[in-house]
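Shown next, in structure tokens, is the structure this report addresses.
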Amino acid sequence: MHQILVIDDDAVSQQFLVMVLRRLGYDKIAVANDGIEALVQLDAGDLQFDVIFCDLDMPRMDGIEFVRHLGERTYQGKLLISSGFDEKVLESVAELARLYDLWLAGVLPKPINHSTLLDLLTQAPPAARRPASLASQPTQEEMRDGIEKNEFCPFFQPQVDMLSGKVHSVEILARWHHPRLGLTSPLQFIELAEKTGLITPLTLSLLDSATSILSKLIDNPPLDLSINLSMTSLSDTALVSEFESILTRNGYPMSRLTVEVTETGLIENPTRALEILSRLRLKGAKLAIDDFGTGFASMDRLSKLPFTELKIDKGFVIDSAQNPTNLSILKASAALGKQLKLLVVAEGVATITEWLSCRQLGIDKAQGSYISPPIDAENFRRWLLKHNGVFPVPQDSAYDLPNLN
Ligand code: C2E
Ligand code: CA
Ligand code: CA
């Protein structure tokens, strides 16, 4: 199923298009109110968009500039322009798209015509178009090699208490010093690792490096550590004991570990998930539901799994003070987390406004570039020293608080 992004500053046309797409059976739809918001979502990289609908006339960054940014990012998916503009403007956009080697599949007239929409959505790529250049993708052999040669390393992103600013915990995010491609993001290799059965060895090696690094940080009180666990790792019945032996070896108690799993994984294999997650809890680890709001886990199922923490996906935190849909989801997620007595964490807190909104909503912990982006071990050690383990929380009285009603 396609992952779609709809960019339109006009709330009515935006929501109308979303509604029509849903009726056609497309349900993986993200929205952005202008090009800048869209770029934030693209660069966050959480979602790989197969189709982008872009309006041309938008404030801040218009559709034409956005097309250029798409070109610079060598976007490989389908681009559809929705516009009431005349031929001339559309022709120059088409030319721009061609220059950037973008796949401009067509123009969607306003108001929307259902059959044109379906035609455009189902249109196959032109023969000349190939999937993303293979040379820029890591291979399975390189990955196997890379794990052996320790090319993977943990990056650290602090999570702070929103009231006291105390740095209680840190999320471990995988990075790969790829010999050919340089520092590589997990979005380029996690899926490959999952498909090739290499994700469990990778997770174990990250956990080993991270706990060994953190247990040597003597200047600060011990930190809790969160690690991402793919659902494909759950078929490995030895996983819990392997976690245990790594932590024991590095003198890191199980009670300091939080394992993050996504909603999607839980839906795919609920029984396995329940078994392994319960065993992790039994051994004292904590459990977070990650990317909350992006999947469709039923409340019933969530309440039956032994979670201790709910992480609201950054997609809903971004721009929450301006975007009513995001704000509603952020509010509802925070309230649900509280109701289920879970620790509520907001990820992707990137601005002071987002911080203030999250704190007003009673969210317990924040993580995001407002505090620190993910950084390597040495920079993380310096960051902790600089702040002495406490992030300076902004005082409400110094700011106009966002209106969250
Ligand atoms: P995630 O678990 O949702 O991790 C949060 C992502 O948000 C990280 O992306 C982080 O760099 C990014 N982020 C944090 N704060 C901000 C912010 O203020 N603004 C923006 N735009 N982004 C922010 P990253 O490191 O690229 O990781 C992407 C995803 O890859 C992770 O999403 C996680 O699902 C997966 N991943 C990373 N490491 C591992 C791993 O060791 N194992 C598994 N299974 N998955 C991993
Ligand atoms: Ca995570
Ligand atoms: Ca996320």
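The values are calculated or read from the model by the stated rules, or taken from the named source; none is laboratory data. Remember, it's a predicted structure, so these values are computed and weren't measured experimentally. Positions of Cβ are backbone-derived with ideal geometry, glycine not excepted, and every protein chain shown enters the neighbour counts. These area figures cover heavy atoms from the full protein model, side chains too; ligands, DNA and RNA do not enter into them. Shrake-Rupley method; radii C 1.70, N 1.55, O 1.52, S 1.80 Å.
All conditions but one from (1) surrounded by 17 or more Cβ atoms within 10 Å (Cβ to Cβ); (2) modelled with pLDDT under 90; (3) within 14 Å of ligand 2 (Cβ to nearest atom) apply to THR264; the one that does not is (1). If you check ARG301, ARG279 for being at pLDDT below 80, surrounded by fewer than 20 Cβ atoms within 10 Å (Cβ to Cβ) and in contact with a helix residue (DSSP H, G or I) (Cβ under 9 Å, 6 or more places away or on another chain), only one passes: ARG301. Applying the criterion of being under 17 Å from ASP27 (Cβ atoms) and part of a loop (DSSP other than H, G, I, E, B) to the residues of the stretch 41-59, the residue that is farthest from ligand 1 (Cβ to nearest atom) is ASP50.
Scanning the stretch 309-327 for residues that are over 19 Å from ASP161 (Cβ atoms) and acidic (Asp, Glu) yields a total of 2. Within the stretch 311-332, the residues that satisfy the criterion of being of a type outside the set (A, V, I, L, M), more than 16 Å from ligand 2 (Cβ to nearest atom) and either open to solvent by 30 Å² or more (accessible area, probe 1.4 Å) or outside any helix (DSSP H, G or I) (or both) are ASP319, SER320, GLN322, ASN323, PRO324, THR325, SER328, LYS331. Of the residues ALA332, ALA321, ALA346, ALA398, only one is modelled with pLDDT under 90, aliphatic (A, V, I, L, M) and within 24 Å of LEU5 (Cα to Cα); which? None of the other options fit; the residue is ALA321.
Which ones in the stretch 333-350 are β-branched (Val, Ile, Thr) and more than 16 Å from ligand 2 (Cβ to nearest atom)? None - no residue of the stretch 333-350 is β-branched (Val, Ile, Thr) and more than 16 Å from ligand 2 (Cβ to nearest atom), so the list stays empty. Right, THR308: modelled with pLDDT of 95 or more and either under 21 Å from the mean Cα position of the chain (by Cα) or farther than 18 Å from GLU263 by Cα (or both) or not? So THR308 passes the test.
Scanning the stretch 100-111 for residues that are surrounded by 16 or more Cβ atoms within 10 Å (Cβ to Cβ) and at pLDDT below 80 returns TYR100, LYS110. The condition (being of a type outside the set (A, V, I, L, M, F, W, C), touching a Gly at 6+ places or on another chain (Cβ under 6 Å) and more than 20 Å from LEU287 (Cα to Cα)) is satisfied by just one residue among SER209, SER215: SER215. If the condition is being surrounded by fewer than 16 Cβ atoms within 10 Å (Cβ to Cβ) and either modelled with pLDDT under 75 or not charged (D, E, K, R) (or both), then the stretch 282-294 contributes LEU282, GLY284. The residues of the stretch 378-405 that are open to solvent by 30 Å² or more (accessible area, probe 1.4 Å), not in a loop (DSSP other than H, G, I, E, B) and not acidic (Asp, Glu), listed by number, are ASN379, ARG381, ARG382, LEU385, LYS386, HIS387, VAL390, SER397, ALA398. Among the residues that make up the stretch 212-225, is at least one of them of a type outside the set (S, T, N, Q), assigned to a strand (DSSP E or B) and open to solvent by less than 60 Å² (accessible area, probe 1.4 Å)? The answer is yes; a qualifying residue exists. Of all the numbered requirements in (1) touching a Phe, Trp or Tyr at 6+ places or on another chain (Cβ under 7 Å); (2) of a type in the set (Phe, Trp, Tyr); (3) surrounded by fewer than 14 Cβ atoms within 10 Å (Cβ to Cβ), TYR370 misses one, and that requirement is (3). Could you list, in sequence order, all residues of the stretch 182-211 that are within 16 Å of ligand 3 (Cβ to nearest atom), assigned to a helix (DSSP H, G or I) and of a type outside the set (D, E, K, R)? Listed by number, the residues that qualify are PRO186, LEU187, ILE190.
For the stretch 119-142, the candidate set comprises residues that are modelled with pLDDT of 85 or more and aliphatic (A, V, I, L, M); within that set, the residue that is surrounded by the fewest Cβ atoms within 10 Å (Cβ to Cβ) is LEU120. Please go through the stretch 149-181 and pick out each residue that is among the small types (Gly, Ala, Ser) and either outside any strand (DSSP E or B) or modelled with pLDDT under 95 (or both). Of everything in the stretch 149-181, those that are among the small types (Gly, Ala, Ser) and either outside any strand (DSSP E or B) or modelled with pLDDT under 95 (or both) turn out to be SER164, GLY165.
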